[in-house]
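Novice: Here it is, the structure in full.
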Amino acid sequence: MIRFFFRFVGLWVLAGAFVALVLDGVRSIASSAIVTTPLGVTWLAVSPNSLARFQAFIERSLSLTVWEYLVVPVLGAPLFAVLGVAGALLLLIGRRPAVPNPRA
């Protein structure tokens, strides 16, 4: 049951990555230059309070160095890439175990 949940969520996250890729593609065609939307910009547009709380949590729990050198680069990465990697990892976690070949 839990593998199904991981596969289901992973598929939806990959669908979100595809939508983000299409939106970036449309914006790139319209502006005649490559345009990507960073994860941080999207998160700030959707819920600025949660981004501020997340930053405070990381700085309080771990350190400012972790925020600056680990989290900020991920927030600057294109949304479609972050969602694509997250979706692929969820699908890998939820994959069915390989059935051994009885003839071998």
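The values are calculated or read from the model by the stated rules, or taken from the named source; none is laboratory data. Please read all numbers here as calculations on a predicted model, not as lab measurements. A quick note on method: Cβ atoms are made from the backbone with ideal geometry, for glycine too, and the neighbour counts reach across all protein chains shown. The protein model used for the area step is the full one, side chains on, heavy atoms only, and it has no ligands, DNA or RNA in it. Shrake-Rupley method; radii C 1.70, N 1.55, O 1.52, S 1.80 Å.
Novice: Would it be correct to say that V66 is of a type in the set (V, I, T), closer than 17 Å to T37 by Cα and part of a helix (DSSP H, G or I)?
Specialist: no
Novice: Going through the range 67-104 one residue at a time, which ones are open to solvent by less than 40 Å² (accessible area, probe 1.4 Å) and over 30 Å from R27 (Cα atoms)?
Specialist: Result: G94, single match.
Novice: Then there is this: Select from the range 38-86 the residues that are touching a residue at least 12 places away in the same chain (Cβ under 8 Å) and more than 16 Å from the chain's Cα centre (by Cα) and list them in ascending order.
Specialist: Within the range 38-86, Q55, I58, W67 meet the criteria.
Novice: Right, next: Can we say I29 is farther than 22 Å from L90 by Cα, part of a loop (DSSP other than H, G, I, E, B), open to solvent by 70 Å² or more (accessible area, probe 1.4 Å) and free of Cβ contacts under 8 Å to residues at least 24 places away in the same chain?
Specialist: No.
Novice: Right, next: Tell me, yes or no, whether the range 1-13 has at least one residue that is at pLDDT below 95, loosely packed, with under 11 Cβ neighbours inside 10 Å and not in a helix (DSSP H, G or I).
Specialist: Yes, the range 1-13 contains at least one residue that is at pLDDT below 95, loosely packed, with under 11 Cβ neighbours inside 10 Å and not in a helix (DSSP H, G or I).
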